[in-house]
């Protein structure tokens, strides 16, 4: 016999509140969303799992709105530690379904996420060489960061790196030189076999974007890196997840053709420039930024 475990009368998050199937999942014992299910309710659960940073779901599963393997892994991760969503009346470990307790917790966390204040420009792009708070002594030496000038203390500069990245998928720094590693970004470059305008000599040990799965990236950073035709004509859309964040820092953020290209991808949410008291002469020119939400993938 199922036991009522939900503690609130209705789902309230913007994501869930208008879906009758999920409202029944909350209110009626046994109205679970289970592996193999398919429909709008599964798509909404997938969005929540990705936005809460507990799932990376493949594009085929997303487009089909199917409770497949990737969604299942996300549900397991969400229900496991530290949340430990378990009905102790008959369970000793989390199960694989989205039932009353799970949908209630998903709704609570989505409601809290939706109510967060919109981040300001300063909160999206770092305006200091020292970056967001972290153990700066663990960063790679300045010699590995040849493209970007060093900070005032002679160490690696993090000026212009993103703040509060989304993190629900992979985070990639195109043309990067380890300056965003501390945030969880990985350095990538276009594959010279596919991008005829990108010289093989510029790979310099970085991974190739061709190794990234379709629609697997939640955060894309171009920091003083040109956005060439190959990236514009399809590679960014191929790797980006819907709602991914694109951050462009440098002169490209002010170029008319790049701004138009970004507008075709989605919504520009922030523009400006960053520099601080330590900035060197002429540095303001290459510290413009543009941050966008990618909607077209």
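Each reported figure results from applying straightforward, stated rules to the coordinates on display, with no laboratory input. Given the structure is predicted, the values throughout are model-derived calculations rather than measurements. Neighbour counts run over all protein chains shown; Cβ positions are idealised from the backbone, glycine included.
Taking the 0 to 90 degree range and rounding to the nearest ten, how far is the long axis of helix 69-79 tilted relative to the main principal axis of the chain, both from C-alpha atoms?
Helix 69-79 and the main axis of the chain meet at about 80 degrees.
Only Cα pairs within less than 10 Å get springs; with that Gaussian network setup on the chain, which residue of 94, 81, 141 has the largest fluctuation?
It is 81.
Identify which of 17, 66, 138 has the largest mean-square fluctuation in a Gaussian network model of the chain, with springs joining Cα atoms closer than 10 Å.
138
Between the helical axis of 40-51 and the dominant principal axis of the chain, each derived from Cα atoms, what acute angle in degrees is found, rounded to the nearest 10?
The two axes meet at around 40 degrees.
Could you check which residue among 45, 174, 227 shows the biggest mean-square fluctuation in a GNM of the chain with a 10 Å Cα cutoff?
Largest GNM mean-square fluctuation: 227.
In nm, to one decimal, how far is the modelled label at residue 89 from the one at residue 214, with both set 7 Å along Cα→Cβ?
Calculated label separation equals 4.4 nm.
Compute the helix-to-body angle for 256-265: its Cα long axis versus the longest principal axis of the chain, expressed 0 to 90° and rounded to tens.
10
Rg and Dmax of segment 20-114, using alpha carbons, in Å: what are they?
In Å, with Rg to one decimal and Dmax whole: 12.3, 37.
Take the alpha-carbon positions of the chain, form their convex hull, and give its projected area averaged over all directions (one quarter of the hull surface) in nm². Walk me through the intermediate numbers first.
Values: hull surface 68.9 nm².
Projected over every direction and averaged, the Cα hull of the chain covers 17.2 nm².
As a test of the formula, what do you get for the chain when each DSSP H run with n ≥ 4 contributes -39,500 (n - 2.57) and the sum is divided by the residue count, at 222 nm and rounded to the nearest 500 deg cm²/dmol? Before the final figure, lay out each step's value.
Numbers: 8 runs with 70 residues, N = 297.
Theoretical 222 nm ellipticity from helices: -6500 deg cm²/dmol.
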